[in-house]
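For reference, the structure is listed below as structure tokens.
The values are calculated or read from the model by the stated rules, or taken from the named source; none is laboratory data. It should be emphasised that the depicted structure is a prediction, and the values quoted were computed from it without experimental measurement. For neighbour counting, all protein chains shown are included, and Cβ atoms are generated from backbone atoms with ideal geometry for every residue, glycine included. Heavy atoms of the whole protein, side chains included, go into the accessibility calculation; ligands, DNA and RNA do not. Shrake-Rupley method; radii C 1.70, N 1.55, O 1.52, S 1.80 Å.
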There are 2 protein chains.
Amino acid sequence: MTEFARVPQLSTRIATHLQTRIEAETWPPGTRLPTEAQMMQEFGVSRAVIREAIAQLRNAGLVETRQGAGAFVAAPGARPIRLEPAQTMDRRAFAKLYELRTPLEVEAAGLAAQNARKPDLARLAQAMARFDVPEESIEASVAADLEFHHAIALATQNPYFVQVLAAISDRIAHVIRAARAEMTLADLHARTRSEHGAICAAITARDPQAARAAMRAHMAGGAARIGLRQKQGPT
Amino acid sequence: MTEFARVPQLSTRIATHLQTRIEAETWPPGTRLPTEAQMMQEFGVSRAVIREAIAQLRNAGLVETRQGAGAFVAAPGARPIRLEPAQTMDRRAFAKLYELRTPLEVEAAGLAAQNARKPDLARLAQAMARFDVPEESIEASVAADLEFHHAIALATQNPYFVQVLAAISDRIAHVIRAARAEMTLADLHARTRSEHGAICAAITARDPQAARAAMRAHMAGGAARIGLRQKQGPT
DNA sequence: TATGTCAGGTTATCAGACAAGTCTTGCGCA
DNA sequence: TGCGCAAGACTTGTCTGATAACCTGACATA
């Protein structure tokens with residue numbers, strides 16, 4: 001009968017405790033966890049708490065439950081890849097995130113040039129067209145930017161790029177929006193349009209090398225615009 | 001009364017329903033969700049189900065709950081990046097995952113060459129040393145491989161690379177382990193040792209360009225060894 | 001051996017209650 | 001009038017007990 005302090009939620013503490021047993025392979029995949037009743041006794045809490053702890057693990061993909069059968073340790077391949085959010089999104093953490101984003105966007109541009117299909121190119125052109133109108137608001141501009149990069153990710157034909165880039169871009173856009181940039185909206189709009197145009201042209205021409213180079217320039221430009229230095233040479 | 005179609009759990013259905021409202025910005029960040037009592041009435045279920053649904057959203061990082069106050073839609077920046085597991089980890093999905101891993105490992109090698117500190121280089125050398133002994137088992141070999149790549153990720157000084165590469169490598173290693181490879185263990189050991197050595201040397205020499213090239217060769221070699229074709233040229 | 005049935009165990013859901021924390025409101029006081 | 005503060009309403013966290021849906025394994029039977 002272990003006694004838990006009440007600082008974090010009871011269920012969370014129990015969940016992390018169980019998680020260590022699973023990740024330490026004390027309970028290898030396929031193992032059946034103790035029943036809820038047994039855990040109630042072991043941890044000295046009510047069934048509601050146990051159920052919530054199990055729910056957390058199930059949500060994290062570490063266990064699977066079957067009504068009437070029990071809870072089982074899931075196979076590693078079934079677990080989702082998960083990146084914990086940075087505690088504070090300060091300038092340093094932001095730069096690190098951008099550092100992660102850059103090679104992914106560059107590679108996505110190259111893959112898009114190789115693998116894009118007709119509908120992908122159409123979607124890309126459509127995203128480009130949104131820049132033809134004069135700049136309206138920071139919101140509209142950011143949304144158009146996101147849509148363009150999303151179209152590239154889709155063109156890779158690789159769902160992993162779509163997912164991870166969507167998550168990263170979304171967070172970066174959020175910070176940009178909050179920071180408000182130091183340049184005029186008109187200038188930002190023009191530069192983005194120009195750089196996006198180069199990328200779009202290279203992808204449409206199915207030139208992976210040019211697409212990568214254009215995207216790399218775009219990333220470096222974006223980093224510079226928001227005050228980040230990238231000390232990265234040619235790859 | 002027999003049910004033919006098995007429906008997902010009640011809590012899951014309600015959770016996804018709430019999720020659509022959040023992602024459609026019907027409830028923008030900061031909004032307070034209806035109270036548990038209100039939802040009980042709206043959906044006609046017990047409080048336990050509502051609480052499980054909320055718990056799912058909380059685990060997904062979409063809402064935050066505060067005792068006595070309520071449940072609130074979380075800021076996008078606070079949400080963890082999450083990659084859903086592929087339904088089936090077949091050869092195609094595996095290739096896509098490798099496609100994502102390659103640019104990340106290449107960039108990590110380059111950043112490691114730029115940013116590695118003394119302890120990082122020591123850890124790298126230690127990981128290399130594990131290959132000096134003759135091959136033992138497939139398990140030991142895979143573990144040493146993972147440790148080497150983990151050491152590189154740490155040397156980037158970028159926690160995002162550490163997290164995402166750890167998650168991806170772990171899953172790839174799992175598949176490799178299951179597939180058992182087509183080459184002899186001795187041959188695999190020798191090749192891995194040779195390629196890792198080149199990477200390690202480039203990083204220790206603080207030569208980012210050479211580190212990137214060596215890692216790219218290593219990735220291509222690994223892909224070829226497990227039967228994947230990479231149609232990727234120089235970046 | 002093969003098969004159908006049943007009993008026991010397990011999770012899913014329901015219902016009601018109290019504890020702990022938060023927010024609002026109104027009252028007393030300066 | 002304006003401010004401080006405490007009481008009370010409200011909300012989530014935890015506990016308790018019960019029923020329904022479901023799974024597994026043993027057992028009887030042909």
Mean projected area (nm²) of the alpha-carbon convex hull when the range B:38-160 is viewed from all directions: 13.0
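What's the longest bit of chain B with no exposed GluC sites (Glu not before Pro), using DSSP loop states and at most 16 other Cβ atoms within 10 Å as the test?
Numbers: sites that count: B:3, B:25, B:136, B:182.
Value returned for the longest uninterrupted segment is B:26-135.
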Rounded to the nearest 10 degrees, what's the angle between the helix B:118-129 long axis and the longest principal axis of chain B, both from Cα atoms, 0 to 90? 70
List, shortest first and in nm to one decimal, how far the label point of residue A:67 (7 Å from Cα along Cα→Cβ) is from its counterparts in the other copies. 3.1
For chain B, what is the accessible area per residue in Å², given a 1.4 Å probe and the full set of protein chains? 50
Enter the mean number of other protein chain beta carbons within 10 Å of the beta carbon of each residue in B:98-110, as an integer. 5
Name the most mobile residue of B:30, B:197, B:68, meaning the one with the largest mean-square fluctuation, in a Gaussian network model of chain B with Cα contacts below 10 Å. B:68
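Hey, any idea what % of the protein assembly as shown's accessible area is carbon plus sulfur with a 1.4 Å probe? Walk me through the numbers on the way to the answer.
Details: 12610 of 23130 Å².
The computed percentage sits at 54.
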Under 8 Å for C-alpha pairs, at least 6 residues apart: give me the relative contact order for chain B, rounded to a whole percent. 19
Kindly give the distances from residue B:26 to its copy-mates, label point to label point, with each label point 7 Å from Cα along Cα→Cβ, as nm values to one decimal ordered shortest first. 4.3
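Between residue A:136 and residue A:75, what length in nm is gained on full extension when 0.36 nm per residue of separation is reduced by their alpha carbon distance?
Numbers: separation 61, 0.36 × 61 = 21.96 nm, distance 4.95 nm.
17.0 nm is the gain from fully extending residue A:136 to residue A:75.
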Inter-copy spacing of residue B:185 label points, which lie 7 Å from Cα along Cα→Cβ, given in nm from shortest upward: 6.5
Can you pull out the buried accessible area for chains B and A, both sides counted, probe 1.4 Å, rounded to the nearest 100 Å²? 4900
Starting from the Cα of residue A:96, draw a straight line to each of the aspartates and glutamates and keep only those under 16 Å, dropping any in the same chain fewer than 8 residues away. A:84, A:105, A:170, B:105, B:107
Within chain A, helix-based [θ] at 222 nm, where runs of 4 or more DSSP H residues each add -39,500 (n - 2.57), nearest 500: -21000 deg cm²/dmol
Starting from the Cα of residue A:118, draw a straight line to each of the aspartates and glutamates and keep only those under 15 Å, dropping any in the same chain fewer than 8 residues away. none
Averaging 1/r across every pair of distinct alpha carbons in chain B and inverting yields a Kirkwood hydrodynamic radius, in angstrom, of 20.9
Could you list, bin by bin from short to long, the percent of Cα-Cα pairs of the protein assembly as shown in 10 Å steps? 4, 17, 26, 26, 18, 8, 1, 0
Cα centroid separation, the range A:73-129 to the range B:93-155 (Å): 22
Where q = 0.15, 0.24 Å⁻¹, what log10 of I(q)/I(0) comes from the Debye formula for the range A:10-78, counting one point per Cα? -0.41, -1.09
For helix B:47-59, report the angle its Cα long axis makes with the longest principal axis of the Cα atoms of chain B; keep it between 0 and 90° and round to the nearest 10°. 30
What do you get for the angle between helix B:159-179 and the principal long axis of chain B? Use alpha-carbon atoms, 0 to 90 degrees, nearest ten. 80
Most mobile of A:191, A:32, A:216 in a GNM of chain A (Cα contacts under 10 Å): A:32
Residue B:37 versus residue A:185: modelled label distance in nm, points set 7 Å from Cα along the beta carbon direction: 4.5
Out of A:131, A:72, A:148, a Gaussian network model of chain A with alpha-carbon springs under 10 Å gives the largest mean-square fluctuation to A:72
Size of the dipole of the range A:50-206 about the Cα centre, Lys and Arg at +1 and Asp and Glu at -1 on the beta carbon, nothing else charged, in debye to 20? 560
Per the Debye formula with a single identical scatterer at each Cα and no solvent contribution, what log10 I(q)/I(0) holds for the range A:91-225 at q = 0.12, 0.19 Å⁻¹? -0.41, -1.09
